[in-house]
Amino acid sequence: MPKFIITSPPGFEYLLVDELKSIGVEEAKEGLTQVRFECDWETLYRVCMWSRLANRVLYPIEEFDCPDDNALYRAVRDIDWDLHLSPEQTMAVDFVSRKSNINHERYGAQKVKDAVVDYFRDEYGERPDVDPDQPDVQIHCRLNKDRATLCIDLSGGSLHQRGYRLKTGDAPLKENLAALLLYRAGWPEKAQEGQWFLDPMCGSGTLAIEAAMMAYKVAPGLTRNYWGFRGWKPFHRNFWEQIVAEAMDIKDSLVAPEHPLIIANDQDSQVLALARQNAQNAGLDKFIDWQVGPFQNLQRPAHEAPGLIVTNPPYGERLEQKEKVRHLYQELGKCLKQSFVNDTAAILSTEKEHGHALGIRARKIYRLMNGSIECELLRFELDEKFFVEKTSSQDSDLPWDHQLSEGAQMLANRIQKNLASLKSFLKQQKLSCYRIYDADLPEYAAAIDVYDGHLHIQEYAPPKSINEHKAKRRLRDIERVAAGVLGIAKDKVFVKTRSKQKGKGQYEKQSTEKHDLIVEEYQARLLVNLSDYLDTGVFLDHRKTRQMIARWCKDGHLLNLFSYTSSASVQAALAGAKTTSVDMSNTYIGWTKRNFQLNQLDLSQHQFIRANCVEWLEQAAKVGEPTYDVIFMDPPTFSNSKKMEQHFDVQKDHINLIHMSLRLLKPGGKLVFSNNFKKFKMEFKATDKVTCREITKETTSRDFAKKPLHRCWVIEKKPA
């Protein structure tokens, strides 16, 4: 009998086994973030249609030892791929690695793809094309402790993507996580008993839609328009069409009740409209009672049966947000105790203090992950014997340095000392944006920057060995102490956690608050965003670099590669230079143009190019003439963005980048090359035509002198 693997988020495994057995799988064994099972193909397709908890459904075709990339390539190349796809079809490869020698997942996927392509090229002289979005066949390789499992991804992407949710509000729950919460809350059994359901803060409506699917026996796979098995050669079309027809018959027989069991409420009418559209896409809009208004105004439905309240309240990262969220939980607890006595509730929480703020003792607590966020699902019986009346201490009027811990006092002393040492420098340079602290004390690992009276704190992700609650307490100390020492109000403090970014992570939003601020750097006005992205829009450590570049290319032409928001281009343009700025991100090209407009610079006199910088440079170096007086290049350490066909590694690729750039540099011109990779080794060598010297000290400002962030070289083309 065929063997399969279903992947899932951590904490789903036991419930997933129960779900599989309810669908018809006789034996299933859970592991870490996966369940292995055997069944016939008809049952397998039924699992794909009906599983509410699964991520991917995988069919292993080969397992082998994989100590290195050569072993990976050979094993994949030896597979008879004619059994799975044809050269005229499309394919894609996913690669997951854990505790193995091949730890760059993009690179591992490339090796698997190369092996498959070489198989068909050798056999037929032609090869399958790659389609990263909806390939005919999705190949999935899982590498664990140098042991590889090569699979066909039958689901063709995660099954949590039902297809009905085209638009969302902020921080939406994944559909299978919503299903997990409902299972843990006992909703399927409660729905059969005729109980009602309420989400008082429904957002994009995921909980309510999933609750309706469960209550009315609607298959979660019906709204998906893409399946990985449909292009796979051994696809059993008859089985699948029969299962689809059965699920459609169930859905078509539904009649919306006069009084829906499912109630979805949100105070934001625009967000609620998105939720209704999502429900309409799922064909369940008429099965949900939509209500607009603050949850504090909700009244219990006029229903004899008890009900279930399940919700995912917002959570806050910044100090003042946390206080607002704590108050929200207090209000939610008050609402539950006043209006929903004898019902039950399940509340998702990211902080223990939020659960305490509800004022209700939880009968059951489930720990789980919402993406990378650790959460608790709190289950309550809304019985007066579990209600807790608490008086919270009012400490908002206390001074910031009241009863500081010994560590927090040391932190305060260090920030005060740093501020004193920088005072004359900041005044002389007329700087309002600067770094005041960078993990000077190891136990308080954060970078603290000031942006014109605003505080930007980037916490370095604590190691797993640090107790979670201790780490959170230290972060609260950093916020409190830094704001207090610098005299900055709480609503001007912004906190983020800095960890390694994978894929296109550096281009993705961290939030949606849109807290924009215009700051001044020497003669330039620059737009920064303190809330939405990991970086703010201005790399403060390159302040002197930008000043130097502007001086060197006065009335000349600057090429700014990997330009980010192009603050260097702005400084050069203000000095009279023409500029060409190249970046892969549409967001940053738009940001660049806004920076130019802020400084009354004529956009028509400058070029703004959205492109993969490596590919653009390769093309320009082939056909272009030496055009630029100065080239500035500050590439990332590593990038495996889906916008790039090949992954980028600054150590491996920098020599080629420099050679290509020199072809575009005028005689006597200067190439400024910089990067942030701490272990970087400059391997480009000077010649009789080109000089190369490191200028890191000259480009490092005083506020970064203790811990420079970048290394920088100037490579100069000798005059003809």
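Does region 254-263 contain any residue that is within 14 Å of V47 (Cα to Cα), among the hydrophobic types (A, V, I, L, M, F, W, C) and not assigned by TED's automatic domain parsing to the domain that holds N55? Taking every residue of region 254-263 in turn, none turns out to be within 14 Å of V47 (Cα to Cα), among the hydrophobic types (A, V, I, L, M, F, W, C) and not assigned by TED's automatic domain parsing to the domain that holds N55.
Kindly evaluate Q242 against the criterion of being farther than 30 Å from L332 by Cα and not β-branched (V, I, T). Answer is yes for this residue.
Scanning region 566-588 for residues that are of a type in the set (G, A, S) and in contact (Cβ under 8 Å) with a residue 24 or more places away in the chain turns up S566, S567, A568, S569, A572, A573, A575, A577, S581, S585. Selection of strands (runs of 3 or more DSSP E) fully inside region 358-440 by the criterion of at least 3 residues being of a type outside the set (F, W, Y), in contact with a strand residue (DSSP E or B) (Cβ under 8 Å, 6 or more places away or on another chain) and in the same structural domain as D477 (by TED's automatic domain parsing) returns 433-438.
Considering only region 225-243, I want to know if a residue exists there that is farther than 30 Å from V93 by Cβ and either modelled with pLDDT of 95 or more or surrounded by fewer than 17 Cβ atoms within 10 Å (Cβ to Cβ) (or both). Checked region 225-243: at least one residue is farther than 30 Å from V93 by Cβ and either modelled with pLDDT of 95 or more or surrounded by fewer than 17 Cβ atoms within 10 Å (Cβ to Cβ) (or both).
For region 547-562, give me each residue that is in a helix (DSSP H, G or I), surrounded by fewer than 24 Cβ atoms within 10 Å (Cβ to Cβ) and in contact with a strand residue (DSSP E or B) (Cβ under 9 Å, 6 or more places away or on another chain). Q547, M548, W552, listed by residue number. Sub-9 Å Cβ pairs linking a first residue in region 327-345 that is assigned to a helix (DSSP H, G or I) to a second residue that is among the hydroxyl-bearing types (S, T, Y) and surrounded by 16 or more Cβ atoms within 10 Å (Cβ to Cβ), at least 6 apart or interchain, are Y329/S349; L332/T311, ordered by first then second residue. The set of residues in region 90-128 that are assigned to a helix (DSSP H, G or I) and in contact (Cβ under 8 Å) with a residue 40 or more places away in the chain comprises E105, R106, Y107, Q110, K111, V112, D114, A115, V116, D118, Y119, E123.
Filtered by the rule that a residue be out of contact with any strand residue (DSSP E or B) (no Cβ under 8 Å at 6 or more places or on another chain), in contact (Cβ under 8 Å) with a residue 40 or more places away in the chain and surrounded by 15 or more Cβ atoms within 10 Å (Cβ to Cβ), region 589-621 gives A620, A621. Only a single item in (1) surrounded by fewer than 24 Cβ atoms within 10 Å (Cβ to Cβ); (2) within 25 Å of L665 (Cα to Cα) is not met by Q571, and it is number (1). Applying the condition of being in contact with a Phe, Trp or Tyr (Cβ under 8 Å, 6 or more places away or on another chain) and modelled with pLDDT under 90 to region 513-534 and asking which residue is farthest from L601 (Cα to Cα) yields S531. Taken over region 105-121, the criterion of being among the β-branched types (V, I, T) and touching a helix residue (DSSP H, G or I) at 6+ places or on another chain (Cβ under 8 Å) is satisfied by V112, V116.
Do we find that K689 is among the basic types (K, R), in contact with a strand residue (DSSP E or B) (Cβ under 8 Å, 6 or more places away or on another chain) and more than 24 Å from D649 (Cα to Cα) in this structure? It is true that K689 is among the basic types (K, R), in contact with a strand residue (DSSP E or B) (Cβ under 8 Å, 6 or more places away or on another chain) and more than 24 Å from D649 (Cα to Cα).
Please go through (1) at pLDDT below 95; (2) under 12 Å from T149 (Cα atoms); (3) hydroxyl-bearing (S, T, Y) for Y59 and return the number of the only condition it doesn't satisfy. It is condition (1) that Y59 fails. In this structure, does K251 turn out to be outside any loop (DSSP other than H, G, I, E, B), in contact with a helix residue (DSSP H, G or I) (Cβ under 9 Å, 6 or more places away or on another chain) and among the basic types (K, R)? So K251 passes the test.
Comparison of I209, I243 shows that the only residue that is outside the structural domain of G186 (by TED's automatic domain parsing) and in a helix (DSSP H, G or I) is I243. Does F235 meet the test of being touching a residue at least 24 places away in the same chain (Cβ under 8 Å), assigned to a loop (DSSP other than H, G, I, E, B) and closer than 30 Å to G157 by Cβ? No: the conditions fail for F235. If you go through region 168-200 and keep only what is under 29 Å from the mean Cα position of the chain (by Cα), at pLDDT below 95 and either small (G, A, S) or crowded, with 23+ Cβ neighbours inside 10 Å (or both), you end up with G169, A171. Return yes when N529 is under 23 Å from Q458 (Cβ atoms) and buried (at least 19 other Cβ atoms within 10 Å of the Cβ) and no when it is not. When the stated conditions are applied, N529 passes them. The listed residues are L419, L398, L377, L426, and the only one of them that is out of contact with any Gly (no Cβ under 7 Å at 6 or more places or on another chain) and either at pLDDT below 90 or surrounded by fewer than 11 Cβ atoms within 10 Å (Cβ to Cβ) (or both) turns out to be L398.
Just one of the numbered conditions (1) assigned by TED's automatic domain parsing to the domain that holds I415; (2) closer than 23 Å to L709 by Cα; (3) at pLDDT below 85 is not true of K464; which one? With respect to (1) assigned by TED's automatic domain parsing to the domain that holds I415; (2) closer than 23 Å to L709 by Cα; (3) at pLDDT below 85, K464 is out only on (2). In region 479-503, the residues that are assigned to a loop (DSSP other than H, G, I, E, B) reach residues that are crowded, with 18+ Cβ neighbours inside 10 Å and modelled with pLDDT of 95 or more with C-beta atoms within less than 6 angstrom, at least six apart or across chains, in these pairs: I488/L455.
If you go through region 265-284 and keep only what is within 15 Å of L207 (Cα to Cα), of a type in the set (D, E, K, R) and surrounded by fewer than 22 Cβ atoms within 10 Å (Cβ to Cβ), you end up with just R276.
The values are calculated or read from the model by the stated rules, or taken from the named source; none is laboratory data. Please read these numbers as outputs of a predicted model, since none were measured by experiment. Heads up, the Cβs are rebuilt from the backbone with ideal geometry, glycines too, and the neighbour counts pull from every protein chain shown.
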